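Coordinate-derived values only; no laboratory data. None of the values given here were measured: they were computed from a predicted structure. All Cβ positions, even for glycine, are placed from backbone atoms using ideal geometry, and neighbour counts span all protein chains on display.
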Amino acid sequence: MVNWAQVFVNSGITGSLYLIGAVGLTLTYGLSKFPNFAHAEFITLGAFFGYIVAEPLGLGLPPSLIVAFLVTGLVGLLCYRVIFQPLSKKGATLIHLMVASIALGLVLRYSIGSIWGWEPLYFKTSWPSFDIGIIRITGLWIWLIFVAITLSIIMHLILVHTRIGKAIRATKSNPELALASGININRVILVTWFIGAGLAAVAGIFRAANTQIWPMTGWDIILPIFAVAILGGIGNFYGSIVAAFIIGLAENLGVVALMTLGLSTSYRIAIAFIILILTLIIRPEGLAMLFRRS
Amino acid sequence: MDPLVYILDFIVLVGIFSIFSLSLNIEFGFAGLANFGKVAFVLIGAYTYTLLSNINVPFFLCLIAGAIASAIIGFFVSLPTLKLREDYLAIVVLAFGEILKIIVKSEGWIAGGVWGTPVYPAISIAGSSTRLDMAINIALVYVCLFLSFLLLQLLTNSPYGRVIRAIREDEVAAEALGKNRAKYRAQVFALGSAIAGLGGGLFAQYLQFIDPYMFAPMLTFTIWIMVLLGGPANNWGALLGAGMVQLFDRGANIAKDYVTLPIDPGNLQYIIYGVLIILVLLYRPQGLLKESQVKTKAGESIFNGRDFAKNKGD
């Protein structure tokens, strides 16, 4: 007997994680016009920074989220400044930028591997779990959902009401016009890389606290995160909120289907892939058209 | 270890990796297709070879079947992305490689699942020495390499090669000339996948063992480094790149027995690879060997080479 209420709660949790992970990717993808494959390593890096603050230093979850956000954001900003900005200025093609991001991913992943090793680490904090009727939810999951909702509200307020948010939207929709209107698009792109990498770190901490932490933590979830970015429409924040919960739901329903059929649940990652392919066939621009404003 | 066997082993692997890098070169170098999932098509070739050779199909048929299977699957995987920007193909193929690895990992009945499976060598002579086996492998691999190289060299210097380069440079202009971009991209992707599949079959029969972990994304990026370093859109460059990266690999393996480093050499190797790619892209994106200019009689008589265009630009 399948506990459907639990499946829907799990979908919300999965969706929240993918949303936090995908917002940064979709923003940098939309503004810099190339998919940053090293986003996976930003997730991993953030998870390790968060781990250090939360476990050996023993400061708990909230400080680890903040520290990891700031430090990883700075790493992301530096990576853009040192690698991708010079490449763009030299007229690198889209493929060159993608390859460079893969190369950056390799450097980061194996540097992480040589610093912290390849043995999985675990967050030792045990979270209280609550039973609400037939639903079971842990303290960590409540934190995750809380962070996802807060993030959505803050991002919405930033994008709509602040100067930098308006500059981000302008740069995304028409860089030349934004430049002509006196927007410093280089600075705008740097800000999105900071925010993007910082949010990747937050997703990394939640993923790591929920499962394990090792140099492939980010790589393990990069496929659904790409699926969210493309289904939501590249560079489209509101689209990615909807897409994250669609993919979260599809994955959790898929796991139920896989278990019913007696197949390995490691195929759950294939569900995001199928959605990705379907999006490209049916509607390559994703859900973007649903949200004019962004 | 017998030093001669060590050298012969090196020669075989350079041959196999040259086939891989040639297959990426036609896709990325000539046609501008970012195949970030090369390993998937190597895997298809290797598994097709293994499954067929286990039911006693002659080795050359196994190799051809591996190439055909790769081509067909490559065609279908590339299909949804052919009319879109290059980045969609990159994401889809990368994801496809990961999914394929999960399938062969979890389906134990295919070829032993995570445990892998032994593979029969293509040509085995009863009671032969390791050296002789190596020599046979060199012959087999280099015949395949020669045929692939010849095919690609003829193709890329033909009108077909000029069309795919034109699409890479300016797809709008190429379409204005009536060239169907999606059709050419599908053909090139299928061809590249076929050659990778052939190489995959050779790889499996040479190592005489396959398991899913051999087909990690790292293999894809090793092939990318070969092409980027050697020189995209230059078939000789692809060979040079394969040789250089294999040589570096060997050198690093020998060096780590003599040099003690603060960083684990296994990690350091990939850090160096990553830094190397970024430096190549920043300072020498054309690789070591440049793409040769297209020479046709018509072009020479009209423009007298590229000088005309250059002077006009200045």
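A few notes on this one:
- The 3J(HN,Hα) values that the Karplus relation (6.51, -1.76, 1.60; θ = phi - 60°) gives for the range B:120-131 are, in residue order, 6, x, 4, 10, 10, 10, 4, x, 7, 7, 4, 4 Hz. Gly and Pro appear as x.
- Normalised contact order of the range B:130-214, rounded percent, pairs of Cα under 8 Å and 6 or more residues apart: 20
- Each 5 Å bin from zero up to the one holding the largest Cα-Cα distance in the range A:189-270 carries the following percent of pairs: 3, 13, 18, 23, 22, 13, 5, 2, 1, 0.
- Chain B: relative contact order in percent, alpha carbon pairs under 8 Å with at least 6 residues between: 31
- Debye log10 I(q)/I(0) at q = 0.07, 0.09, 0.14 Å⁻¹ for chain B, Cα point scatterers: -0.29, -0.48, -1.11
- Sorted by Cβ density within 10 Å, fewest first, the residues A:99, B:12, A:242: A:242, B:12, A:99
- Note on residue B:154 and residue B:84: their simple-model spin labels are 3.6 nm apart, each label 7 Å out from Cα toward Cβ.
- Springs join every pair of Cα atoms under 10 Å in this Gaussian network model of chain A, and among A:254, A:233, A:182 the largest mean-square fluctuation is at A:182.
- Across chain A, C-alpha contacts under 8 Å between residues 6 or more apart give a mean separation that, scaled by the residue count, equals a relative contact order of 35 percent.
- Gap separating the Cα centres of the range B:197-221 and the range B:22-68, nearest whole Å: 10
- Coarse-grained scattering of the range B:10-51 at q = 0.23, 0.30 Å⁻¹, given as base-10 log I(q)/I(0) from a Debye sum over alpha-carbon atoms: -0.84, -1.01
- At an R0 of 41 angstrom, the distance between the Cβ atoms of residue A:174 and residue B:182 translates into a FRET efficiency of 0.90.
- Just checking the listed ones, B:188, B:280, B:259: in the Gaussian network model of chain B with Cα springs under 10 Å, the one fluctuating most is B:259.
- Among the trypsin sites (Lys or Arg not before Pro) found in the range A:19-93, those both in a DSSP coil and sparsely packed, with 12 or fewer other Cβ atoms within 10 Å of their Cβ, are A:90.
- Estimated FRET transfer efficiency when R0 is 56 angstrom, pair residue A:278-residue B:129 (beta carbons, to 0.05): 0.55
- For the protein assembly as shown, the fraction of C-alpha pairs farther apart than 42 angstrom is 25 percent.
- Over 30 Å between alpha carbons, listed pairs A:33/B:256; A:90/A:172; B:105/B:179: A:33/B:256; B:105/B:179
- Peptide A:80-92, shielding by other chains (average Cβ, 10 Å cutoff): 2
- Residue exposure sequence - B:257, B:211, B:2 - by fewest surrounding Cβ within 10 Å: B:257, B:2, B:211
- For the range B:1-152, the fraction of alpha-carbon pairs in successive 5 Å shells from zero, as %: 2, 8, 14, 19, 19, 16, 12, 6, 2, 1, 0
- Full-extension gain in nm, residue B:255 to residue B:147, via 0.36 nm per residue minus C-alpha separation: 35.4 nm
- Sequence-ordered 3J(HN,Hα) estimates for the range A:107-121 from the Karplus curve with 6.51, -1.76 and 1.60 and θ = phi - 60° stand at 4, 5, 4, 7, 5, 4, x, 7, 7, 9, x, 9, 6, x, 10 Hz, glycine and proline given as x.
- Annotation for the range A:74-105 versus the range B:115-160: alpha-carbon center distance of 38 Å.
- When chain B is treated as a GNM with alpha-carbon contacts under 10 Å, the residue of B:220, B:117, B:130 showing the greatest mean-square fluctuation is B:130.
- Each Lys and Arg adds +1 at its Cβ and each Asp and Glu adds -1 at its Cβ; summed about the Cα centre, the protein assembly as shown shows a dipole of about 1720 debye.
- Put in line by how crowded their Cβ is, counting other Cβ atoms within 10 Å and starting with the fewest, A:279, B:50 read A:279, B:50.
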